[in-house]
Every structure is written in C-alpha cells, then in structure tokens.
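Shown next, in structure tokens, is the structure this report addresses.
The values are calculated or read from the model by the stated rules, or taken from the named source; none is laboratory data. Keep in mind that what you see is a predicted model, and the values were worked out from it rather than measured. For neighbour counting, all protein chains shown are included, and Cβ atoms are generated from backbone atoms with ideal geometry for every residue, glycine included.
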Amino acid sequence: MTRIRGWKAYLEKSLSPLTMMFKGYPKVLKEIMYGFTIHEMDLELRKERGHLDHLFMLVVFGDLVGLPLLPPYYSMRFLPYIIPCIEKWKRSILREKDLTDFVATDI
C-alpha cells in the first residue's frame, strides 16, 4: 500500500503543472460554443426586451414626457417598481435621434 501511495503522490506531483495549464480550457470552450450557437439570438432578445420595456414605460408613464395615455391611478400603482429606471428611460426617450439610429447595426 505504501508503494501505491507513493506512485499516486508522484503522479499528482508530476501532473500538477499540466492540470494547472488545462484548467481554464473548459471555460474557454464553453464561451466559444456560446458564441457559435446562441450569442446573436441573445443580443436580439435583449434588444427586443429593451424595446418592450420602453414601450411599457411610455404607455404607463407617458405623462412624464407629455403623452398621457393611462389615468394616473394605474400609473401610481406601478411607480415603486419603476423608480430605478425612470431617469434612464426619460433620457433615452427624449434623446435626439437621426437616421443612423434607425439603421440596424447587424450585417
């Protein structure tokens, strides 16, 4: 038994630089496969979610930018959930846009 334990320790000691070298490869392979398979879909879904969030905020809190659509009672019920996003939303809605903003950046 002592001899086997010695061989195991020897193998672990001699293979440790190799295991340290290959330790990050599974993460790299995972990221490469993610990029090959679903990266573009993920970007499109995030853009779509952003557009839907902006539309929801416009319908519910349009009166903040001068477009009242819902009575204030319903808007106030959503207010505690929306407070962290209001400033960013107002900046993006009131930002000056030109023709290049409407052209998709994807090829």
Is there a residue being in contact with a helix residue (DSSP H, G or I) (Cβ under 9 Å, 6 or more places away or on another chain) and modelled with pLDDT of 80 or more anywhere in the range 37-47? yes
Let me spell it out: the conditions are (1) surrounded by fewer than 10 Cβ atoms within 10 Å (Cβ to Cβ); (2) within 23 Å of E87 (Cα to Cα), and L52 meets all of them except one. Which number is the exception? (1)
